[in-house]
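Where a number appears in this text, it was derived from the coordinates with a stated rule and is not lab data. Since this is a predicted model, take the numbers as computed values, not measurements. Quick reminder, even Gly has a Cβ in these numbers, built from the backbone with ideal geometry, and neighbours come from all protein chains shown.
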Amino acid sequence: MSSEDRTHDPHDQHSTHHPPLTFPRGLSIEGAISYPGSLTVGGTIEGDVSCAALVITERGIVNGSVRAETVMVLGEVNGEIYANTLTLKAASCVVGDIFHKQLALEDGCFFEGRSRRHSAPLLLGA
């Protein structure tokens, strides 16, 4: 098997898999977080967050910029968001500019800032 074929083999022991990571309610973290997998934030993060996919739960708070392929906000973000797909759910609160390919705003969400559609939002501000 060539090295090119091995990179597509799901049973290859050298393939990289990053399990979902959850920051539960009540947890408070100061500092930037960079994780190659998906994150769920139920606590408070005082710093920038970069990951593959991000869910901020109803009581989750991020005070810093967010960068991920997909972002779903049910809680609060105070800072810029860079995402290919961004969803602001009902009762969510976002204060800051957002850069996205696709945007969904549910009734009842609060958004204060500028919204900019971009073909490659993850490359902005990097």
For ILE33, distant residues with modelled amide H under 5 Å away: ASP48, VAL49, SER50
Mean Cα-pair separation over length for the chain, i.e. relative contact order, pairs under 8 Å, 6 or more apart, %: 14 percent
Distance in nm between pseudo-label sites at ASP97 and HIS118 (7 Å out along the Cβ direction from Cα): 0.8 nm
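What is the packing order of peptides 99-108, 81-90, taking the mean over residues of other C-beta atoms within 10 Å and listing the highest first? Spell out each step's value before the answer.
Working: 99-108: 14.4, 81-90: 20.6.
Answer by packing, highest mean first, reads 81-90, 99-108.
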For the range 17-87, with +1 on Lys and Arg beta carbons and -1 on Asp and Glu, the positive-most of PRO19, VAL77, ASN63 along the dipole: PRO19
Residues whose placed amide H lies under 5 Å from that of ALA91, excluding near-sequence neighbours: CYS109, PHE110
Entry for volume of the Cα convex hull per residue in Å³ (calculated from the structure that is shown) out of (1) 121; (2) 193; (3) 140: (1)
Calculated FRET efficiency for the pair SER28/GLU106, C-beta based, R₀ 35 Å, to 0.05: 0.80
Relative packing of 47-60, 64-77, which averages over residues the other C-beta atoms within 10 Å, highest first: 64-77, 47-60
The range 86-126 and the range 13-72: distance between their alpha carbon centers, rounded to Å: 17 Å
